[in-house]
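First comes the structure, then the notes that go with it.
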Amino acid sequence: MGEQDVYDVIIVGGGPAGLAAGLYTSRDRYRTLILDKNGLPGGQIMLTEHIENYPGYQRITGPDLIENMKAQVLTFGAELKVNQAVTGLARQDDGVLAVDVNDGEQTHLAHAVILSPGSEYRQLGAPGEDEMRQATRVSYCATCDGAFYRDKHVLVIGGGNTAVEDTIYLATRFTKKITMIHRRMEFRAQKVLVEELYETAKTHSIDIKLPYVLDAIVPNADKSDIDHVLLRNVETDQTEPLAVDGVFVFVGMVPNTGFLRGAVEMNEAGYIACDCTTLKTSMPGVFVAGDCRQRAAMQLATACADGVVAAMMLKDYFRDPSSWSATMAEDGIAER
Ligand SMILES: Cc1cc2nc3c(=O)[nH]c(=O)nc-3n(C[C@H](O)[C@H](O)[C@H](O)COP(=O)(O)OP(=O)(O)OC[C@H]3O[C@@H](n4cnc5c(N)ncnc54)[C@H](O)[C@@H]3O)c2cc1C
């Protein structure tokens, strides 16, 4: 393969972080290839019709925003290839990075890589969950969707830090009532947060039911709203219906990083380890951006910001590739 076949940069994932990175790299005239495993790129934000917290738009749908981002990045000459699931990443002896696609079907080469495969909200798999998610009545993100539930009654599911923190957030800012369920008698969240939750429940309407699970979300006749949810007491096995306007599921997130195991360093949960200022990973020439990295804010605007930072830092790397190990050593992430 000749030098002309080596891209300047390959971006893994065509979500907001990847598209923002591609905008900057291609506008800087770096030969850029963006790979997305889906036929329709755009990432998680494609799943929502209501974005109200992306600067510059009072309200926009996910698909409309992504269409704009895609058109903009293509204007500057980036190549976007779909149905390209990246399945491996390795650094060759000559320093060129080899990106395997669809289990070795093809290998693309580049001098630098930006990893932006994102993450996914863990779903419960309850009947009606997917249907009502599509009807925007099931959410996995309080910051994204809390404002849509002003003076409403919502069900919150989960027992970890996010579930407890976001229940307090929703109750003190938006909702009329929250019913919160957790499958165990004890919350997994830090004690101090649990204390704050019970304290908040004294002044705001929060009904905490333990140990309960969600058995089903039952849509109304035209499937536009939730008619009721079915809750089950794990100890007695009794089910009970509850009318709510929305459901928030806070049972964790899963980063899409399995294919990178052994290639770049990750934390226990599978988020890619990085220097959070430069977004460098443990592999020289490989940057990370967006929801797949450690300590990500998990928002659209911050994913885009990460893409921009990675693209800017990549220029420094191209100017002086030898600077990589020095920086990584300071951050305590071993170079592979
Ligand atoms: C329903 C919903 C509503 C939301 N609403 C808001 C909101 O209102 N405001 C807000 O700020 N945030 C919102 N978010 C969060 C926001 O969507 C994410 O923070 C953001 O999309 C993260 O961008 P990303 O590019 O890091 O990752 P992602 O959006 O997850 O994109 C990753 C991309 O990488 C691709 N990919 C994954 N693995 C591979 C692979 N191996 N090879 C190639 N490609 C791969 C995926 O197909 C995907 O296109 C919402 C999320 C959801 C699910």
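On the basis of the beta-carbon distance and an R0 of 51 Å, Asn220 and Asn267 show a calculated FRET efficiency of 0.75. Residues whose amide H lies under 5 Å from that of Met253, counting only those 5 or more places away or on a different chain, are Arg122; hydrogens are built 1.01 Å from N in the peptide plane. Anything over 32 Å Cα to Cα? Flag those among Lys152/Lys191; Lys202/Lys223; Lys37/Lys223; Lys37/Lys176; Lys37/Lys315; Lys81/Lys152, in the order listed. Too far apart for the 32 Å limit: Lys202/Lys223; Lys37/Lys176; Lys81/Lys152. Taking Cα atoms only, the orientation of helix 16-27 departs from the longest principal axis of the chain by about 30 degrees. Taking every alpha-carbon pair within segment 123-249, the share separated by more than 24 Å comes to 21 percent.
For the chain, what does the helix formula give at 222 nm: sum of -39500 (n - 2.57) over DSSP H segments with n ≥ 4, over the residue count, nearest 500 deg cm²/dmol? Rounded to the nearest 500, the figure is -8500 deg cm²/dmol.
For Ser325 and Gln106, the difference between the fully extended length at 0.36 nm per residue and the C-alpha to C-alpha distance is 75.9 nm.
The P(r) of the chain has a tail past 33 Å containing 35 percent of all C-alpha pairs.
With Cα atoms defining each centre, segment 52-78 and segment 176-230 are spaced 35 Å apart in the structure.
Phe248's amide H: which non-local residues (gap 5+, or another chain) put their own amide H closer than 5 Å, with H modeled 1.01 Å from N in plane and none for Pro or chain starts? The list, which skips near neighbours in sequence, is Ser139, Leu155, Val156, Ile157. A straight chain from Ser205 to Thr236 at 0.36 nm per residue would run longer than the Cα-Cα distance by 8.7 nm. For Thr61 and Gln123, a Förster radius of 22 Å and the Cβ-Cβ distance give a FRET efficiency of 0.55, rounded to the nearest 0.05.
Placing +1 on the Cβ of every Lys and Arg and -1 on the Cβ of every Asp and Glu, with no other charges, gives segment 247-332 a dipole of roughly 180 debye about its Cα centre.
Largest GNM mean-square fluctuation among Leu230, Leu260, Leu170, using the chain with Cα springs under 10 Å: Leu230. Potential lengthening of the chain between Asp151 and Asp94 amounts to 14.5 nm, from the contour at 0.36 nm per residue minus the alpha-carbon distance. Beta bridges per DSSP, both residues in segment 123-249: antiparallel share near 40 percent.
Please report, in debye to the nearest 20, how large the charge dipole of segment 123-249 is about its Cα centre when each Lys and Arg carries +1 at its beta carbon and each Asp and Glu carries -1 there. Intermediate values should be presented prior to the final figure.
Working: 15 positive and 20 negative charges, 53 e Å.
Dipole about the Cα centre, nearest 20: 260 debye.
Estimated translational diffusion coefficient (Stokes-Einstein, Kirkwood radius over Cα pairs, 4 °C, 1.567 mPa s) of segment 176-279: 76 µm² per second. The GNM of the chain, with springs linking C-alpha atoms under 10 angstrom apart, assigns the highest mean-square fluctuation among Lys70, Lys202, Lys152 to Lys202. The H on the amide N of Ile60, modeled in the peptide plane, is under 5 Å from the matching H of Ile51, each at least 5 residues off or on a different chain.
Bear in mind these aren't lab numbers, they're just calculated from the coordinates by the rules spelled out. Since the model is a prediction, treat every value here as computed from it, not as a measurement. Glycine gets a Cβ as well: all are built from the backbone with ideal geometry, and neighbour counts include every protein chain shown.
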